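Worksheet: one structure, shown below.
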């Protein structure tokens, strides 16, 4: 314990009062993930203000064998930024490192520190006539560092890819305290292994991202949002193919919503209304965008898309948002599905992907299978059909007791969903990551060669195992105490 | 030696006569890289016909401690596929694994074995109304496995990215003989570290790529090729910015050529002619493409680009190829620079990149500096300005003796170029890789944290050091004998 007092004293002296605290009241809000699923404990909260201070802290932690749990906006979906309950780790917040170091409008590049909030980046880009084409529900809290560490997705992946595709370079502190200096944005760089790619999506287990160079895109010249009634998810698949070949370069988003989810949202949002007159089993929310100066052609493209699809029997009914307010209303229907369904009752939520071409089949075949195997449940799939990624929720039977059901039948349900996704060649984590939530499922279902590689790389780069322990990497079975 | 006889007998029995030979005459052509810079020796040539056979061979090599040098089309630029001269390794050719396993036109995806030749893939895609948007000079020999292992570039990177950006999934045999099964193309997959990205560009030092899933693109609806006379490379940079903002989504290529290189090509190709009436210090070769069905708008876009640029003082003169024959003639001028300059005399060639925004400054400042420091030489830069990547050649003085000059003054020149590129935050290998040619320069100039990570990862995944030894990874300084 004397040892730890030395550690605390040195950390406090190093980081100053703004950068280091052991005050439980200050630390407490950050010990539970935002959805309230995981709560842990921590020795202290470190909030360094510079890359140099992160590096010094990492060196100090290495010296004293203190584990580090890095945290950004605490908006993760899998408990990846929540410490475990041993209380042996420090929580390392990157939120103070929130500077936009530079923004080059000509090159359309920005260098952000890890703690920059996504919304702030959106605004900084917009001020220069540019945009950062990744967005998600937590944009008011989610940080660039967290988004990179989890390779976040969202509703613009169809056209722009995940966070990985926006990253030109990163700066990160490695477990040995050295700084990986990869910020300079080189469009081409074949100097050996692409270590940047290894760090992206590694959830803080290999390095702590302190800054990133990101690619910005030109501001759009307008958008059209379409809400389309469909008779089946197979029809949605056909419509997607049609849209890709007819307006592919303008297709920004393609989301699917089942009738059940729309009804849940209509119940949940008092002012929401059904965009179409009649009821349809499925809906597609489609967004088309135009490059600057080409906005005038959008109406013709949107109408042409709908006319062609209607002619080919690929839709039942459709509406085009007449203005931005209506466009936002349509997106609000989509974005409210998760809270609307939470309001109904407990559900097991699965963020899964299969090859894009197979997703309609998966939903059509696996949904009734799940409902048959777990009587009283309802399978609901919605989301990013264009990415082969749906959020596949199994809603509890009416009589289920919240808290109890998830721990018992719920876990069995998730295991079956993960089994089936794996059989279909898919992923048990499409965009949310592994964190602590799916670590054991990854160990159970991951391919042995991949698991072996991950363990080897983790062991090689973090031999003390101090970076975000217990997250992501399913370490080889071993005794729990050293 | 008895031991090795057992190895040979087991390998021959495993792979059969088509798959294994020790015949020096058969092996000899593959022991020298295509440019004749490196020659090595090998115990045998293995040419397995399946992933399973590659895995079995790797296991056998592991058992006997035999190093493996993988080789595709033998078109690499840095000696990465040429064994060293100890003769202790086997050469592992992937050329027999040349099946296109599947091609899904709807999903625009193809699964190729490692030995598929790039030209063959181009033709297979074209037959389905699609295209594979990566091409380079060696397309008639270069294989998909080699292109992935070196993260190849080419002239379409501006719009489509390097080989890495085309790869959806890979299958690879790891040093322990296990097969990394990552072929299923998932648009989103956050199951831990992105091992696929780690293997891409690792030049066979971490795994042997046996197959890949690749993204295809829709066939184009037409192209226009423009040849533009410029007064400086700074003007080329301004023209690039102008083109990106005015026709960005159509801009497929933007290459720069200095007058010296054009003259060399005009001397080298008897039938070539200067596309413009007057001489200009610099040229840009610009290609615009249209999506299918949109080809009619191309003339207007090309003319609009030139008119806008002329109005803004961003060009001196220009011509648009009137047909495909003329378009090919313009590209031939660009593609003949390297052989034309080789015909003049010896040169040190550098495949370098700096941030795109800095490349014009780099060429303008560093070229005279090199000519000043090495009197009689001439610095010539040409290529992918839009990617921040030029081929920076230093031509020998008139009296230089081929062979001798490269070994002496040439090496000193390259060291200075690499120093300067590193000072500018750039890369000593933009698209050609490291291989054996640049390994020591990477060790000299690589950032310590990056080098340490590479060594750790290499050691973790290939603890016996049998995969392509002596290539890419600058291992820590150690005695040369074990």
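The values are calculated or read from the model by the stated rules, or taken from the named source; none is laboratory data. All values derive from a computational prediction rather than experimental measurement. Glycine gets a Cβ as well: all are built from the backbone with ideal geometry, and neighbour counts include every protein chain shown.
One table, with the values for the structure above:
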quantity	calculated
Tally of residues being within 14 Å of residue A:226 (Cα to Cα) and either over 31 Å from the mean Cα position of the chain (by Cα) or not assigned by TED's automatic domain parsing to the domain that holds residue A:240 (or both) across region A:281-300	2
Output for region A:242-280, where each listed residue is within 14 Å of chain B (Cβ to nearest Cβ) and more than 25 Å from the chain's Cα centre (by Cα)	A:242, A:243, A:245, A:246, A:247
Elements of type helices (runs of 4 or more DSSP H) contained in region B:66-171, each with 3 or more residues being buried (at least 20 other Cβ atoms within 10 Å of the Cβ)	B:118-126, B:144-149
In region B:172-207, residue surrounded by the most Cβ atoms within 10 Å (Cβ to Cβ) [restricted to those that are within 7 Å of chain A (Cβ to nearest Cβ), closer than 23 Å to residue A:418 by Cβ and in contact (Cβ under 8 Å) with a residue 60 or more places away in the chain]	B:185
Unmet requirement for residue B:143, which otherwise passes all of (1) touching a helix residue (DSSP H, G or I) at 6+ places or on another chain (Cβ under 9 Å); (2) free of Cβ contacts under 8 Å to residues at least 40 places away in the same chain	(2)
Number of positions in region B:23-64 that are more than 14 Å from residue B:91 (Cβ to Cβ), in a loop (DSSP other than H, G, I, E, B) and in contact (Cβ under 8 Å) with a residue 12 or more places away in the chain	5
Entirely in region B:399-482, the helices (runs of 4 or more DSSP H) that have 1 or more residues that are away from chain A (no Cβ under 14 Å)	B:411-423
Residue match in region A:397-404 (condition: surrounded by fewer than 21 Cβ atoms within 10 Å (Cβ to Cβ) and in contact with a strand residue (DSSP E or B) (Cβ under 9 Å, 6 or more places away or on another chain))	yes
Those residues of region A:345-360 which are part of a helix (DSSP H, G or I) and more than 8 Å from chain B (Cβ to nearest Cβ), in sequence order	A:358, A:359, A:360
Number of the exception - residue A:213 against (1) closer than 14 Å to residue A:147 by Cα; (2) touching a helix residue (DSSP H, G or I) at 6+ places or on another chain (Cβ under 9 Å)	(2)
Flag for residue A:12 being surrounded by fewer than 21 Cβ atoms within 10 Å (Cβ to Cβ) and farther than 20 Å from residue A:469 by Cα	yes
Scan of region B:146-170 for residues that are within 11 Å of chain A (Cβ to nearest Cβ) and touching a helix residue (DSSP H, G or I) at 6+ places or on another chain (Cβ under 6 Å), ordered by number	B:151, B:152, B:157, B:158, B:163
Unmet requirement for residue B:363, which otherwise passes all of (1) in contact (Cβ under 8 Å) with a residue 12 or more places away in the chain; (2) part of a helix (DSSP H, G or I); (3) in the same structural domain as residue B:239 (by TED's automatic domain parsing); (4) touching a strand residue (DSSP E or B) at 6+ places or on another chain (Cβ under 8 Å)	(3)
Total residues in region A:272-294, condition touching a helix residue (DSSP H, G or I) at 6+ places or on another chain (Cβ under 9 Å) and without any contact (Cβ under 8 Å) to a residue 60 or more places away in the chain	8
Yes/no for residue B:337 being under 14 Å from residue B:382 (Cα atoms) and buried (at least 20 other Cβ atoms within 10 Å of the Cβ)	yes
Filter result for the condition that a residue is crowded, with 23+ Cβ neighbours inside 10 Å, more than 21 Å from residue B:158 (Cα to Cα) and outside the structural domain of residue B:397 (by TED's automatic domain parsing), over B:276, B:262, B:266, B:305	B:262
Flag for residue A:89 being at negative phi, in contact (Cβ under 8 Å) with a residue 24 or more places away in the chain and over 19 Å from the mean Cα position of the chain (by Cα)	yes
So residue A:224, is it surrounded by 21 or more Cβ atoms within 10 Å (Cβ to Cβ), outside the structural domain of residue A:69 (by TED's automatic domain parsing) and closer than 30 Å to residue A:249 by Cα	yes
Verdict on residue B:322 being free of Cβ contacts under 8 Å to residues at least 40 places away in the same chain, more than 29 Å from residue A:186 (Cβ to Cβ) and within 14 Å of chain A (Cβ to nearest Cβ)	no
Identity of the residue in region B:378-396, away from every other protein chain (no Cβ under 14 Å) and over 19 Å from residue B:428 (Cβ atoms), that ends up surrounded by the fewest Cβ atoms within 10 Å (Cβ to Cβ)	B:378
